[in-house]
Amino acid sequence: MTITETTQTAGRKRARANGAIMGVLRFLVVIVTTYFGLLAVTFFIGRVIPVDPVLAILGDRAPAHVVERTRELLGFNKPLYVQFFIYVKDALSGNFGTSVLTTNPVMVDIRRVFPATLELATVGTIIGSLVGVPLGVLAAVKRGSIADQIVRVVGLIGYSVPIFWLALLSLLLFYAKLRWVAYPGRIDIVNEYSFTPTTGLYLIDTLWQRQWSVFWDVFQHIILPASLLGYFSLAYISRMTRSFMLNELGQEYIVAARAKGLSETRIIWGHALRNAAVPLVTVIALSYAGLLEGSVLTETVFAWPGLGLYITNSLQNADMNAVLGGTIVIGSVFIAINILSDLLYRTLDPRTRAR
């Protein structure tokens, strides 16, 4: 190898290394900027709403000198930029203050209720993915047929019908009339203390501890709200799967595969869906994040003791520390899932690594 070729090779390596470093730096800048924006929005929302956090703690009849002393202790008498700096510092350390409703640190309450939301959203996403992906594939393969129209109508209803209305109808039908599912809540009070909630995910805990009767009780409580969330997830996943599959089925490699005599089943499931699965990972991840942040109404209707119900009760009682703390946690989870989906996309599709 000549000196010129060696120099060119070294230059290309340095260029690739510099490109990788700049990509990582841009990625970090996006994360920091997004999280800073989340903190800024929640901070100013907490300051512009017509609820005095000091009066929410002390009550309307507290003496004026006590109100002023508390305001001073909490730092609400300081300039706005100083309050924002303190707010950011506390949020980064996981300190969201004390809940007026429970008198516990907000982070302690969130650690207690978040596993319920995580379990509900996870089961809902699994249901939506297992049903939505095959429906999307069917609609793409049978494009323009009755099956395609039915799948599209099912998805349209999922987008259009308010979830609280569908939840109330589901309770009326499956619980009040048919008695197929358990009443609202997460577990029967009789079984609540019959197992050790190690992870906070009751299905996993009861299954691991072989508490079969308790597992069945938990399953009966979660299946209806999770199915509703799964239906709304299904509407999005099936639509995007259909779009991705139509794009793949029109590619030249599909024509070549058919010319080689491969079976239609292998072409659809072994080739087209395999390539469509790369962007589909991002779709499922975003759907999962949407269920985590959008399960407030479902948890309220089904009395599900998760983060959504916690934020709703806190908002009704003007407990702004809990509301803002829960909002920041949900936003942080949404950002984390977006980052994870982007990393998975880059891992599964080598073409994106060079961008």
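List of remarks:
- Sub-8 Å Cβ pairs linking a first residue in segment 227-249 that is assigned by TED's automatic domain parsing to the domain that holds Thr265 to a second residue that is among the basic types (Lys, Arg), at least 6 apart or interchain, are Arg239/Arg152; Arg242/Arg152; Leu246/Arg143, ordered by first then second residue.
- Residue count for segment 66-91, restricted to those that are over 19 Å from Ala322 (Cβ atoms) and aromatic (Phe, Trp, Tyr): 3
- Checking Gly97, Gly136, Gly128 one by one, the residue that is assigned by TED's automatic domain parsing to the domain that holds Asn275 and more than 26 Å from His221 (Cα to Cα) is Gly136 and no other.
- Just one of the listed residues (Ala64, Ala56, Ala116, Ala10) is at pLDDT 75 or above, among the small types (Gly, Ala, Ser) and over 29 Å from the mean Cα position of the chain (by Cα), and it is Ala64.
- Which numbered condition Arg239 misses (of (1) within 16 Å of Ala303 (Cα to Cα); (2) surrounded by 20 or more Cβ atoms within 10 Å (Cβ to Cβ); (3) within 22 Å of the chain's Cα centre (by Cα)): (1)
- Being surrounded by 14 or more Cβ atoms within 10 Å (Cβ to Cβ), closer than 21 Å to Gly128 by Cα and touching a residue at least 12 places away in the same chain (Cβ under 8 Å) is a property that does not hold for Gln209.
- Any hit, segment 288-295, residues being surrounded by 15 or more Cβ atoms within 10 Å (Cβ to Cβ), assigned to a helix (DSSP H, G or I), assigned by TED's automatic domain parsing to the domain that holds Tyr183 and more than 17 Å from the chain's Cα centre (by Cα): no
- Yes/no for Gly75 being among the small types (Gly, Ala, Ser) and at pLDDT 80 or above: no
- Among the residues making up segment 283-330, those that are polar (S, T, N, Q) and either closer than 22 Å to Ala226 by Cβ or without any contact (Cβ under 8 Å) to a residue 24 or more places away in the chain (or both) are Ser287, Ser295, Thr298, Thr300, Thr312, Asn313, Gln316.
- The listed residues are Thr122, Thr70, and the only one of them that is more than 24 Å from Val41 (Cα to Cα), outside the structural domain of Leu224 (by TED's automatic domain parsing), assigned to a helix (DSSP H, G or I) and polar (S, T, N, Q) turns out to be Thr70.
- Ser263 surrounded by fewer than 21 Cβ atoms within 10 Å (Cβ to Cβ), under 21 Å from the mean Cα position of the chain (by Cα) and not hydrophobic (A, V, I, L, M, F, W, C): no
- Qualifying residues in segment 75-119 (those that are in a helix (DSSP H, G or I) and among the small types (Gly, Ala, Ser)) - the one nearest to Leu286 (Cα to Cα): Ala116
- Scan segment 250-281 for residues that are more than 27 Å from Gln149 (Cβ to Cβ) and in contact (Cβ under 8 Å) with a residue 12 or more places away in the chain and the total you get is 4.
The values are calculated or read from the model by the stated rules, or taken from the named source; none is laboratory data. In this text the structure is predicted, and so the values were computed from the model without any measurement. Glycine also receives a Cβ, built like all others from the backbone with ideal geometry; neighbour counts cover every protein chain displayed.
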